[in-house]
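To start, the structure itself, in C-alpha cells.
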Amino acid sequence: MSMKFAFSTLGVPGLPLPDVLRLAAEHGYHGVELRAHPEEPVHPGLDPARRADIAAEFKAAGVEVLGLAGYARVAAPGDDEPVVAEIRGLLELARDLGAPYVRVFPGGADGQSAEEADAVAARRLGTAAEHAADLGVRILLETHDSHPTGAAAMRVLGLVGHRHVGALWDVMHTWLGGEQPSETYAALSPYLGYVQVKDIASASDTSPLALGAGVLPLAECVEVLSRHGWDGWLCWEYEKRWYEDAAPLPGLLTAGREHLGRLLNDSA
C-alpha cells in the first residue's frame, strides 16, 4: 500500500490534541489535518513555546501533521494585504509544526467575473508563494466554493506557475461540480498536494456519512490515483463541525480506514 491515511480535526471539533493523537494511533492513521481556527487547539495565535510543544507531541506519538486547514479566501474582493498576511501566518505556523501543507479557499464572490476572481487569486498566491518557498511549505488551493472543479482550480494554478502553490482535491466539490474523477486528476495532477475524501447521501443532502455509505465516487478516485502511481495522502474530512447530528467520528475511524484500504487493494 503506497498511499497514507489521515483524518481532519473538523470531524472532532475542539478535541484536545492528546485525544486526537490517541485516535490516530489507535485507529491506524498516519497523520492528521489540523483545522486552524481560533475555536480549535491549533491556530496562528499560538506562541512559539506552544507550537514547539505541539510539534513534540506529534513526534512522540509517531503521527504526522499533514497540513493546516486555513480559511484564507484568495479570490475574495478587497485589499490583497490582509489575505496575504493571513496566508503568511498559516505558513509560519505550518513551518513551526513541521506541516508540509497549508489549505486555502478560492472564495470568489457573486458579481465577480471568473477572469477577475482568477487574476486576484493568482496574484495573491504568487505573492505568498515566495514566503512559502522560504519556509519549505506548500500552499494548496482547495476545490471549493467559487472554484469547485479541477478545471476551475487549474485556471488559477496555471496563472501562478509556482511549485510551492498546488491543489487540494476535495472529492465532494468536484463531484458536485459535475467532474469525473479522471477529469479532475488530469487537471490537477501537475499540482496535486493531497486528496480529501468523504461521503454524503446525495447532492441535496451533504451531511457526512461513513466512508462507502454514500454516493461519492471514492472507488473511482482511488482507482485513478492508483493507476497513475500517485502515492500521496488520502485525508478523511468528516464535517462534524457543521452537522451536529452526524454520528461521532471516533466510532467510524477504523471502518473508514479499512474501507480505504479495500479500495486501494481493489485498484492495485
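All of the numbers you see were taken from the coordinates with simple rules; none came from a lab. In this text, all values refer to a predicted model and were calculated from it rather than measured experimentally. No Cβ is skipped: glycine too gets one built from the backbone with ideal geometry, and neighbour counts run over all protein chains shown.
When the charge dipole of the chain is built from unit charges on Cβ atoms (+1 for Lys and Arg, -1 for Asp and Glu) and taken about the Cα centre, the candidate among V20, G89, W169 whose Cα reaches farthest toward its positive end is V20. Please list, in order, the residues from the stretch 73-100 whose amide nitrogen is less than 14 Å from a point placed 7 Å along the Cα→Cβ vector of A52. Correct set: 96-97. Measuring between their Cα centroids, the stretch 124-146 and the stretch 247-268 lie 30 Å from each other. Remark on the stretch 50-174: ratio of C-alpha radius of gyration to 2.2 N^0.38 Å is 1.06.
In summary, the aspartates and glutamates within cross-link reach of K4, defined as a Cα separation below 17 angstrom excluding same-chain residues under 8 places away, comprise E26, E33, E64, D170, E223, D231, E237, E258, D266.
Simple point charges give the picture: +1 on the Cβ of Lys and Arg, -1 on the Cβ of Asp and Glu, and for the stretch 158-268 a dipole about the Cα centre of about 320 debye. Among the helices of the chain, those built from whole DSSP H runs whose Cα atoms reach 27 Å or more along their own axis and whose mean Kyte-Doolittle hydropathy is at least -1.0 are 114-135. DSSP beta bridges fully contained in the stretch 4-267 are about 5 percent antiparallel. A DSSP coil position with no more than 16 other Cβ atoms inside 10 Å describes none of the GluC sites (Glu not before Pro) in the stretch 109-199. Straight-line cross-link partners of K240 among the lysines, defined as a Cα under 18 Å from its Cα and at least 8 positions apart when in the same chain: K198. Per-residue extension of 0.36 nm, minus the Cα-Cα distance of S2 and A219, leaves a gain of 76.5 nm for this segment.
Between D134 and S113, the modelled labels are 3.4 nm apart [label points 7 Å from Cα along Cα→Cβ]. The value of relative contact order for the chain, using C-alpha pairs under 8 Å at least six residues apart, is 19 percent. Charge dipole of the chain (Cα centre as origin; +1 on each Lys and Arg Cβ, -1 on each Asp and Glu Cβ, all else neutral): 620 debye, rounded to the nearest 20.
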